[in-house]
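Only the coordinates and a few stated rules stand behind these numbers; no lab work does. Bear in mind that the values here come from a model prediction, so they are computed numbers and not experimental data. As a convention, Cβ positions derive from the backbone with ideal geometry for all residues, glycine included, and neighbour counts pool all protein chains shown.
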Amino acid sequence: MSNPRLATLVGTGLIGGSIGLALRRAGWAVVGTDRDRERADAAVAHGALDAVGEDPASALTIVATPVGSVAAEARRLLKAGHPVVTDVGSVKAPVVAAVDHPGFVGGHPMAGSEQEGIAAATADLFDGATWVLTPTALTDDQAYATVRAAIVDLGAEVVALDPARHDALVAEVSHVPHLTAATLMRLADDTAEEHRALLRLAAGGFRDMTRVAAGHPGIWPDICGENREAIVDVLDRLIDALGEVRTVVAGNDRDRLLALLDQARAARTSLPARFGRPSELGELRVVVPDRPGALAEVTTLATEIDVNIANLEIAHSSEGDRGVLILVVEAEALGRLHDALVERGFIVSHQQVLE
């Protein structure tokens, strides 16, 4: 029998340590391990763990190791009796395929810092951040609900994506931007060998754009190896786009340059704000077959049509062949999600939530 407020944490660096601090802030008890026992002991001293160890009675186990070791760790923990396991790696498709277990829910918090290690961990790292989960047709619905509830406790917004879709999107908004920042920083450093004043001239824009290049480089060979196809595709498109800019600048095409910059500015100013709880909510009740995969279909559909799920509950039928998925969403998005689900063949009812 699992303890509903006990978590096991494997890996106590910046992300793992911050998870431990945030879970304990929310009232969880957290035990954990690290391949370096001194780091695990430091996590206890920092307040991220109650004690060093792993407990199969944990309601949730989080693997916060480098992405190259996630699958092996997750399989080991599931075999040892941990009922629900998730991870924090920034590559999902190969990891999810390698674990291939109903109790595993792939995860990726879109948060971090150029700092590293348990000393830099903070309880508020995930407040208002987006946390991606990647359920599949194999995922156990209750396992997904357990992971999701814990992430909400961490202060993050949960978004569900297909694993391969996640990897393609993250290559564009995270992996290639990091490689680009690192390349720009390296170019500036090479030039600074001849012009020592150059880096003194690095103003706020350059510093902001290259800030992520200060992150720990050791995680990137695994990330690039696991997600190389998507990363190379985005790099090819970036190279083509830079080639277009080069042509425009070389030809002194002022109108085309202005159009490119206007497009970029409009896209940048329309980026969504950080997550904030909506004031008006609505409730959808979705009749779903009581089988793995139904919840994954509903939650990933919500993400694709840009509907945030503020809360989620599963009510299983006593007959065992169907259940009801209760979703709380922003009132303005209620009709959009209702219609999309009906179009997929689900039976749905909805109502306003009175607060």
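Pairs linking a residue in the range 252-272 that is within 16 Å of residue 242 (Cα to Cα) to a residue that is surrounded by 10 or more Cβ atoms within 10 Å (Cβ to Cβ), with Cβ atoms under 6 Å and 6 or more positions apart or on different chains, are 256/248; 257/248. Quick check on the range 170-177. Is at least one of its residues more than 13 Å from residue 230 (Cβ to Cβ) and not hydroxyl-bearing (Ser, Thr, Tyr)? Within the range 170-177, one or more residues are more than 13 Å from residue 230 (Cβ to Cβ) and not hydroxyl-bearing (Ser, Thr, Tyr).
Quick check on this structure: which one of 7, 48, 43 is assigned to a strand (DSSP E or B), touching a residue at least 60 places away in the same chain (Cβ under 8 Å), buried (at least 19 other Cβ atoms within 10 Å of the Cβ) and not β-branched (Val, Ile, Thr)? Walk me through it before giving the result.
Working: 48 fails: assigned to a strand (DSSP E or B); 43 fails: assigned to a strand (DSSP E or B).
None of the others qualify; the one that does is 7.
State which residue is surrounded by the fewest Cβ atoms within 10 Å (Cβ to Cβ) when the search covers only the range 10-32 and only residues that are in a strand (DSSP E or B) and over 22 Å from the mean Cα position of the chain (by Cα). Checking each candidate, the answer is 29.
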